[in-house]
1. Within the stretch A:38-139, which trypsin sites (Lys or Arg not before Pro) sit in a loop by DSSP and count at most 16 neighbouring Cβ atoms inside 10 Å?
2. Chain A: longest stretch without exposed GluC sites (Glu not before Pro) (DSSP loop, at most 15 other Cβ within 10 Å), sites themselves excluded?
3. Would you mind working out the accessible area per residue for chain A, using a 1.4 Å probe, and quoting it in Å²?
4. Tell me which residues come under 5 Å, amide H to amide H, from residue B:342 once H is placed; ignore anything under 5 positions away on its chain.
5. Once the dipole of the stretch B:81-133 is set up with Lys and Arg at +1 and Asp and Glu at -1 on Cβ about the Cα centre, which of B:127, B:86, B:99 lies farthest towards its positive end?
6. With the solvent-accessible surface defined on protein heavy atoms using a 1.4 Å probe, which residues belonging to the stretch B:205-242 display a reduction of at least 50 Å² in accessible area in the multichain context relative to the isolated chain?
7. With each label point set 7 Å from Cα along the Cα-Cβ vector, what nm distance links residue B:380 and residue B:299?
8. Name the trypsin sites (Lys or Arg not before Pro) in the stretch B:107-161 that are in a loop by DSSP and that have at most 11 other C-beta atoms within 10 Å, would you?
Amino acid sequence: MGASASVDVLTQGNDRDIRTLNPEKCSGCRNCELACSIAHFGAFNPRRARIQVLRQGCREEIHVCNHCEDHPCIAACKRGALAWDDGEVFVDEAACNLCGDCIAACPSGGIRVFDDTLLICDLCHGDPMCVKFCTTGALALKAR
Amino acid sequence: MSYMDRLLWVDLGRGGTRKTRIPEEWKSLYLGGRGFTSKVLYDLVDVDTNPLSPENVLTIAAGPLDGTLSPSSGRFTVGCRSPLTGLLGDANSGGHFGPELRFAGYDAVIVQGRAKGPVYLFIDDDHVELRDASHLWGHGVFDTIRLLEEAHGKDVKVIAIGQAGEHLVPYANIMAAGHSAAGRTGVGAVMGSKNLKAIAVRGTGDIPVADDERFLAKVRECHRKLMADPTYQDFSEYGTLILVDIAQASGGLSTRNGQLGLFEHYEKISSHIYQDTYKLASKACFSCILHCKNYARVTSAPYECENMGPEYETMVTLGSRVGVGSLAAILKANQLANDYGLDTISAGTSIAFLMECSQRGLIDEKYEWGDASLVIDCLHKIAHREGIGAFLAKGVRAMSREIAGSEGFALHVKGLELPAFDVRTGKGFALGEAVASRGGDHLRALPNFELLSKTREEGIRWFGTPDCVNPYTESGKVGMVIWHENYGGVCDSAEICKYCTFATYAVMPQDVADLLAFAVGRQYSEADLLAVGERIVNIERMFNLRCGMTPRDDTLPRRFLQEGLPEGPAKGVTVDLAKMLPGYYSGRGWTKDGVPTREKLEELGIEAKGVA
């Protein structure tokens, strides 16, 4: 039921970890969005975040790239703008024309465009800020 | 940095809007939020301004930390002259509206005049527009928000009034997202008097801070301190409903309009029962790790409902205070009050007052304690001012003036109905509510320190006296209350929730000073910051004195001064304000009559207006 937390969730990750989503523990505080945007853009702005939490009644939907093994977004990209490397989707911004094919292909609603930028989670290259600032356990790290 | 540095002025009479920079003095002396709303009120609202006239000014202000990761810093304050008290009115709410307003590029919206017909304000970043709201008028808060989301997208954040605000009920709320309430002193009626149904805002802009790295490190430090605090676990698990249990244990669970401090049906409304029956989830306001909001659903007739809440105040004022021990009925009443946009404290206390008048035979009609369907019926009628609702909608002070012999148990201070906590079981709270600038209000001082079983040593360390930790004694309370009021002024102007600053006592003034320094890029000492709080307390005092309040109004209902509770740990205890008020006035640097001295005003940089 309720989100529970302990001090030790404020831990450091390392690049062997992957992120797990536990939306039933999410309180909807949106700290993950804020941490993501300041980490990547140097400002607080949930619309620039690569993770998004949408409240539906008492449920929170967490939309973020899950780095799935078959990564259909990459297959969907006709311009070769996306590539898979060591568990992350890399965006070649010069090649991306924001057509949205990857967005349509993503099964988790984890890709968005804002301000002419394609937003896909890069796990902060191993130590994701969203997890760092999540105190409920809705976002957690586990060894790959 | 951190300030968006823009005020949005809305003239409903002419239908125009303009944007200005924030005066430097506002930022340095008043910080934001409640500091801004009270400053605007002091500067722009006259003593002869009718609260429901176009001349009243309605300010909605966020704080300089809104929209950032700063803990629990997504709140906003609405200020205006109160139609309920005739004095300073303001109400503070959490939710997600304050941050969205700042993402749109504004620290505050200042609304003047009155529209010819119903309108709503639509803010889409730089684009600002007044739109016809005829199709929204008459709708409750839930429908209004749904219709605005359908029109403008799910991502707009809305504040709105319900039918209560439209009908100018003097304790109508402005609701954020259908469950967070700017819920005291009738700010919703003022919005209704302006024919302003709602404000919908979408903000897509950035909020940079001065020093990312140190700011984030400070946020993490605050999170750690919060999570290590014993109160954190209770609040994050049970929300404020834990206070129902604490109140019953201390003999101060306001029952039958405060005639009793122990509720016979306490077990049915305890936090554990709520947890085990209707609760579905814990929810958070923006950037808050306490997540004290409870989400619940009742599926069985006749009280089917689904909503956030209730919190402690509502559980008591629509529960034990009116004698109702049906949890499902309280949840339903809470949902109705949220949809109508009614202050549950004022509404519940008005109904409780009527019930006691009936009990004592002061009126002919029968209104029985614990009659849940009556309470729900009253809420319908208050919101529409129908039948008995028209009388209840006056509030306790005005009602008691019409019923001889009822004054002693009319639970209000300065016209504002008293919150849930029975101040006989917390003398710091008693002083705080007697002097609060918005009348019978616990949140100006909120001296939880006396309730949390702190040790005598902690009392000495924090406030120089072991007595401050004994809630039943008047001794040792003045300094503690003044500190809480000053720091509370800081929290309300920075728009940080007081539950992370002094229910937990984790985030302290130096922490807020650091958060502000790393966000705004200017240095604040702890003393600077507490002076902002003191300045706000003083300017609000000056506004009230100008409006005709006198220090004789710094009092409590006779019930709390003369009637001891009949049973429980607080049996026989009454409040002796004379033991605290003189010390409070002198501790504040006010005259013995409770008026800020010229020296104090000069020290704080407040220009004396309209008070001799």
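The values are calculated or read from the model by the stated rules, or taken from the named source; none is laboratory data. For clarity, every value in this text was computed on a predicted model and none was experimentally measured. Reconstructed Cβ throughout: ideal geometry from the backbone, glycine too, with neighbour counts over all protein chains shown. SASA here: full protein model, heavy atoms, side chains in, ligands and nucleic acids out. Shrake-Rupley method; radii C 1.70, N 1.55, O 1.52, S 1.80 Å.
1. Those satisfying the criteria are A:78, A:79.
2. After excluding every exposed loop site, the longest remaining stretch is A:1-68.
3. Numbers: 6400 Å² over 144 residues.
In whole numbers, chain A has 44 Å² accessible per residue.
4. Close amide H contacts, sequence-distant or interchain: B:173.
5. B:86
6. B:206, B:216, B:220, B:224, B:227
7. In this crude spin-label approximation the distance works out to 2.6 nm.
8. Answer in residue order: B:116, B:154.
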